[in-house]
Amino acid sequence: MEKRQELYAGKAKSVYTTDDADLLVLHFRNDTSAFDGKIIEQLDRKGMVNNKFNAFIMEKLEAAGIPTHFEKLLSDEECLVKKMDMIPVECVVRNIAAGSLCRRLGVEEGIDLTPPTFEFFLKNDELGDPMINDYHIESFGWATAEQLSVMKKLTFQVNEILKALFLEGNMLLVDSKLEFGIYHGEVILGDEFSPDGCRLWDKDTREKLDKDRFRQGLGNVIESYEMVGKRLGLSF
Ligand SMILES: Nc1ncnc2c1ncn2[C@@H]1O[C@H](COP(=O)(O)OP(=O)(O)O)[C@@H](O)[C@H]1O
Ligand SMILES: [Mg+2]
């Protein structure tokens with residue numbers, strides 16, 4: 001496999017074509033953004049930590065029967081993935097109230113959400129990733145009704161698998177954001193799963209171990225990501 005030209009660069013990763021039209025290289029950079037890209041900083045080791053963390057989670061999900069784009073790790077900061085047509089929608093599943101849900105609905109951070117709740121957001125930084133619903137997605141042609149139902153089903157399945165996994169490391173999966181795409185006609189999980197795109201709290205102290213440490217200036221961001229990985233048995 002040969003890495004070719006840069007296809008696009010997002011806020012945290014750069015995407016490269018390869019000599020195989022079905023495969024891409026994802027390069028996890030040290031860039032860390034918050035508030036729809038309004039704040040960007042470099043955090044040492046972040047690319048490596050998130051790349052390895054993501055590989056570990058994607059492999060767990062594949063083993064549990066979730067179709068993902070993940071192929072293999074290539075280096076500390078790179079992995080090989082299936083080239084998808086991304087659906088420009090973020091699927092958010094929440095087990096505990098936090099973040100924008102609390103701001104929008106005026107609910108207290110930390111309340112349990114039973115059953116877990118689900119939201120769609122349009123992936124558009126300029127618009128601040130607005131919340132959308134199933135009808136918007138269908139009317140604007142971002143996905144079909146059938147693709148929508150697969151995205152929801154897979155998101156809830158991923159949530160259950162990972163809730164149990166993090167619990168083994170004495171952590172609560174508060175919420176997570178997933179992105180899907182189409183690969184040869186099938187909806188599969190894409191992008192990344194790392195502490196950048198989910199919330200994780202220590203089960204006993206409820207200490208924040210995810211990107212809220214960066215958003216809220218709590219410090220020790222990457223140290224915390226590494227600790228999350230270590231609690232799952234990962235070494236960096
Ligand atoms: N398998 C894939 N095929 C094509 N594009 C992908 C794949 N996985 C992730 N992407 C896209 O790669 C881009 C780069 O990632 P990221 O830096 O997170 O960007 P963003 O700033 O848009 O969040 C994103 O637009 C993401 O949707
Ligand atoms: Mg992203």
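Considering the conditions (1) away from ligand 2 (no atom under 16 Å from the Cβ); (2) out of contact with any Leu (no Cβ under 8 Å at 6 or more places or on another chain), residue 66 is excluded by exactly one of them, (2).
Here residue 125 meets each of (1) over 23 Å from residue 185 (Cβ atoms); (2) in contact (Cβ under 8 Å) with a residue 40 or more places away in the chain; (3) crowded, with 18+ Cβ neighbours inside 10 Å; (4) within 16 Å of ligand 1 (Cβ to nearest atom) with one exception, condition (3). Beta carbons closer than 8 Å, at least 6 apart along the sequence or on distinct chains, pair a first residue in the range 129-147 that is closer than 16 Å to residue 92 by Cα with a second that is of a type in the set (Asp, Glu) for 129/36; 129/90; 131/119.
Just checking, does the range 213-226 include any residue being within 16 Å of ligand 1 (Cβ to nearest atom), free of Cβ contacts under 8 Å to residues at least 12 places away in the same chain and more than 22 Å from residue 109 (Cα to Cα)? No. Given the structure, is residue 134 within 17 Å of the chain's Cα centre (by Cα) and within 18 Å of residue 179 (Cβ to Cβ)? Against the criterion (within 17 Å of the chain's Cα centre (by Cα) and within 18 Å of residue 179 (Cβ to Cβ)), residue 134 does not qualify.
Checking each residue in the range 185-236 for being surrounded by fewer than 19 Cβ atoms within 10 Å (Cβ to Cβ), small (Gly, Ala, Ser) and either within 16 Å of residue 33 (Cα to Cα) or at pLDDT 95 or above (or both) picks out 185, 217, 219, 233. Within the range 161-184, the only residue that satisfies the criterion of being among the charged types (D, E, K, R), away from ligand 1 (no atom under 16 Å from the Cβ) and either in contact with a Cys (Cβ under 7 Å, 6 or more places away or on another chain) or assigned to a strand (DSSP E or B) (or both) is 175. Here residue 180 fits the description: within 16 Å of ligand 2 (Cβ to nearest atom), aromatic (Phe, Trp, Tyr), closer than 17 Å to residue 62 by Cβ and not assigned by TED's automatic domain parsing to the domain that holds residue 12. Taking the criterion of being more than 15 Å from the chain's Cα centre (by Cα), at positive phi and surrounded by 12 or more Cβ atoms within 10 Å (Cβ to Cβ), the residues of the range 32-47 that qualify are 37, 45. Within the range 1-31, the set of residues being more than 9 Å from ligand 1 (Cβ to nearest atom), touching a Phe, Trp or Tyr at 6+ places or on another chain (Cβ under 6 Å) and of a type outside the set (D, E, K, R) comprises 25 only. With the requirement that a residue be part of a loop (DSSP other than H, G, I, E, B), touching a residue at least 60 places away in the same chain (Cβ under 8 Å) and within 20 Å of residue 13 (Cα to Cα), what does the range 192-210 give you? Selection gives 192, 193, 194, 195, 196. Within the range 210-226, the set of residues being within 14 Å of residue 50 (Cβ to Cβ) and of a type in the set (A, V, I, L, M) comprises 221, 222.
The values are calculated or read from the model by the stated rules, or taken from the named source; none is laboratory data. Because the structure is a prediction, the values reported are computed rather than measured. We place every Cβ from the backbone using ideal geometry, glycine too, and count neighbours over all the protein chains shown.
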